[in-house]
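Visitor: Starting off with a structure, shown below.
The values are calculated or read from the model by the stated rules, or taken from the named source; none is laboratory data. This one's a predicted model, so the numbers in the text were calculated from it and none came from an experiment. Here the Cβ positions follow ideal geometry from the backbone for every residue, glycine too, while neighbour counts run over all protein chains shown.
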Amino acid sequence: MTESKELKLLDSNILVYAYDKSETKKHPIARELVKERWKKEDSVLSIQNLAEFYSVITSKIERPLEIDKAKQIVLDYIDGFEILGYNEKTILEAINVQAIYKIPFWDALIVATMEENSIDTIITENEKDFKKVKWIKTINPFKKAE
């Protein structure tokens, strides 16, 4: 379990936008946000965020990164942030969360991981799904940019 110092989870979309230069409005906001959270040491990532980041940044953006570059960024994230893991109990809880809140499984897995680590705030663009979970506070850093 993590320390109780109001930690926030950085969602995968924030990590991607920090490196996706084709997102001209979101990129600088995400880049600064990641740097700030890194310095303040008040945010965490889940193992799922790292996997999603790698998958998206190497294949699903306008100008995908080379594998070696993406791997180095993942290593940097591992060095700079506490990484939350999950296990079979987390997966079973995610299934319950998905059924209760009617959200995609991968978001439910993030919710279950947050719950296990007493984290109630997520920084994400995906307010729609996470706001369905009443105890989660969502912060969308792009609201001002839209």
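Visitor: In the range 59-77, is there at least one residue being in a strand (DSSP E or B), modelled with pLDDT of 95 or more and touching a helix residue (DSSP H, G or I) at 6+ places or on another chain (Cβ under 8 Å)? Give the steps one after another, and end with the answer.
Guide: Start the filter on the range 59-77 by keeping residues that are in a strand (DSSP E or B), which leaves none.
No, the range 59-77 has no match at all.
Visitor: In the range 32-45, is there at least one residue being touching a strand residue (DSSP E or B) at 6+ places or on another chain (Cβ under 9 Å), assigned to a loop (DSSP other than H, G, I, E, B) and under 19 Å from P141 (Cα atoms)?
Guide: The answer is yes; a qualifying residue exists.
Visitor: Among E127, E115, which is closer than 25 Å to K26 by Cα, surrounded by fewer than 18 Cβ atoms within 10 Å (Cβ to Cβ) and free of Cβ contacts under 8 Å to residues at least 40 places away in the same chain? It would help to see each step written out before you state the result.
Guide: Working: E115 fails: closer than 25 Å to K26 by Cα.
None of the other options fit; the residue is E127.
Visitor: Also, quick follow-up: Here's a check for you: in the range 47-61, which residue that is touching a residue at least 24 places away in the same chain (Cβ under 8 Å) and among the aliphatic types (A, V, I, L, M) is surrounded by the fewest Cβ atoms within 10 Å (Cβ to Cβ)?
Guide: Filtering the range 47-61 down to residues touching a residue at least 24 places away in the same chain (Cβ under 8 Å) leaves 47-50, 52-53, 56-57, 61.
Now narrow it down to the ones that are among the aliphatic types (A, V, I, L, M): 47, 50, 56-57, 61.
Details: I47: 14, L50: 19, V56: 20, I57: 23, I61: 16.
Checking each candidate, the answer is I47.
Visitor: While we're looking at this one, here's another question. Report, by residue number, each residue of the range 27-49 that is in contact with a Lys or Arg (Cβ under 8 Å, 6 or more places away or on another chain) and not aliphatic (A, V, I, L, M).
Guide: Across the range 27-49, the qualifying residues are H27, R37, D42, S43.
Visitor: In addition: Would you call P64 under 19 Å from V16 (Cβ atoms) and exposed (fewer than 13 other Cβ atoms within 10 Å of the Cβ)? Explain how you work it out, then say what you get.
Guide: Numbers: under 19 Å from V16 (Cβ atoms): yes; exposed (fewer than 13 other Cβ atoms within 10 Å of the Cβ): no.
Considered against the rule, which asks whether it is under 19 Å from V16 (Cβ atoms) and exposed (fewer than 13 other Cβ atoms within 10 Å of the Cβ), P64 comes out as no.
Visitor: Restricting attention to the range 16-46, and to residues there that are of a type in the set (S, T, Y) and surrounded by 13 or more Cβ atoms within 10 Å (Cβ to Cβ), which single residue is farthest from V56 (Cα to Cα)?
Guide: Start the filter on the range 16-46 by keeping residues that are of a type in the set (S, T, Y), which leaves 17, 19, 22, 24, 43, 46.
With the extra rule that they be surrounded by 13 or more Cβ atoms within 10 Å (Cβ to Cβ), the set shrinks to 17, 19, 43, 46.
Details: Y17: 10, Y19: 11, S43: 21, S46: 16 Å.
The residue in question is S43.
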